[in-house]
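Data block below; observations after.
The values are calculated or read from the model by the stated rules, or taken from the named source; none is laboratory data. For clarity, every value in this text was computed on a predicted model and none was experimentally measured. In this analysis, Cβ positions are derived from the backbone assuming ideal geometry, glycine residues included, and neighbour counts consider all displayed protein chains. Heads up: the accessible areas ignore ligands, DNA and RNA and are worked out on the full protein's heavy atoms, side chains in. Shrake-Rupley method; radii C 1.70, N 1.55, O 1.52, S 1.80 Å.
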Amino acid sequence: MARNYLRKREFNIDELAMKGVGYCTSGEYYGYIIFPYYMKGGLIYYTGRKFFGEGPKFKNLPLEQCGIGKSQLIYNFDALFLYDEISILESITNCLTLGDNTAGIGGKHISQWQFSSIVRSPVNAVNIIFDNDNPNKVEVPGYLEALKMGLRLSPHKQVRVIKMPLDMDVNDVGKEI
């Protein structure tokens, strides 16, 4: 079922396996796809994405268990040191869709730790691409948050804010961005 869920979303199962993505068939994370977070090549955290059954859509490790909170994470952190230009995205799946030169901040709001990590990195150019989702059908939330982040980063990096079509995200558009 996990493989079918990922294939429906047009992910390559072999590529995901090479990145450490897996799924649980029992235990606390039963019904979740597991996405690892690496820093300097070492596993530092993982999060689960529900694909089957009851429970929250995402399941994060408790701070007490690993000593790291969501605000101290960037999915694909090492990209900040491997590429001259990266795209900052909301989610892991958006990063996996767009490619290796991406970093996911786990939402539309950047923490101070995430911001500082990006500013201190050798990356020269940053593309900010947030979902432009809004239940009220007003083109504001995702794009506005991306503009705010772009303004904060612009004294430190070259910044481009990519405006997604209303109610679409990178997963809908694919690598054509």
Of these, ARG160, ARG152, which one is modelled with pLDDT of 95 or more, of a type outside the set (Gly, Ala, Ser), in a strand (DSSP E or B) and open to solvent by 60 Å² or more (accessible area, probe 1.4 Å)? ARG160
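Residue-wise test of (1) in contact with a helix residue (DSSP H, G or I) (Cβ under 6 Å, 6 or more places away or on another chain); (2) of a type in the set (Asp, Glu); (3) in contact (Cβ under 8 Å) with a residue 12 or more places away in the chain.
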residue	(1), (2), (3)
LYS19	no, no, yes
TYR23	yes, no, yes
SER26	no, no, no
TYR32	no, no, yes
LEU43	no, no, yes
GLY55	no, no, yes
CYS66	no, no, yes
GLY69	yes, no, no
TYR83	no, no, yes
Sole exception among (1) within 13 Å of the chain's Cα centre (by Cα); (2) open to solvent by less than 60 Å² (accessible area, probe 1.4 Å) for LEU80, by number: (1)
Those residues of segment 61-77 which are open to solvent by less than 40 Å² (accessible area, probe 1.4 Å) and at pLDDT below 90 amount to LEU61, ILE68, GLY69
Residue selected from segment 5-31 under the condition farther than 16 Å from THR97 by Cα and open to solvent by less than 90 Å² (accessible area, probe 1.4 Å), by the criterion nearest to the chain's Cα centre (by Cα): GLY22
Could you tell me whether ILE128 is more than 21 Å from LYS40 (Cβ to Cβ), modelled with pLDDT of 95 or more and surrounded by 14 or more Cβ atoms within 10 Å (Cβ to Cβ)? yes
Quickly run through segment 95-124 and pick out the residues that are among the small types (Gly, Ala, Ser), open to solvent by 20 Å² or more (accessible area, probe 1.4 Å) and assigned to a helix (DSSP H, G or I). SER116
Filter segment 1-35 for residues that are β-branched (Val, Ile, Thr) and either out of contact with any Pro (no Cβ under 8 Å at 6 or more places or on another chain) or at pLDDT below 90 (or both) and give the result. ILE13, THR25, ILE33, ILE34
Of everything in segment 84-94, what is open to solvent by less than 20 Å² (accessible area, probe 1.4 Å) and either closer than 17 Å to ALA125 by Cβ or part of a strand (DSSP E or B) (or both)? Give them in sequence order. ILE86, SER87, ILE88, LEU89
Looking for something under 12 Å from the mean Cα position of the chain (by Cα) and either more than 23 Å from ASN12 (Cβ to Cβ) or among the aliphatic types (A, V, I, L, M) (or both) - is there at least one such residue anywhere in segment 42-64? no
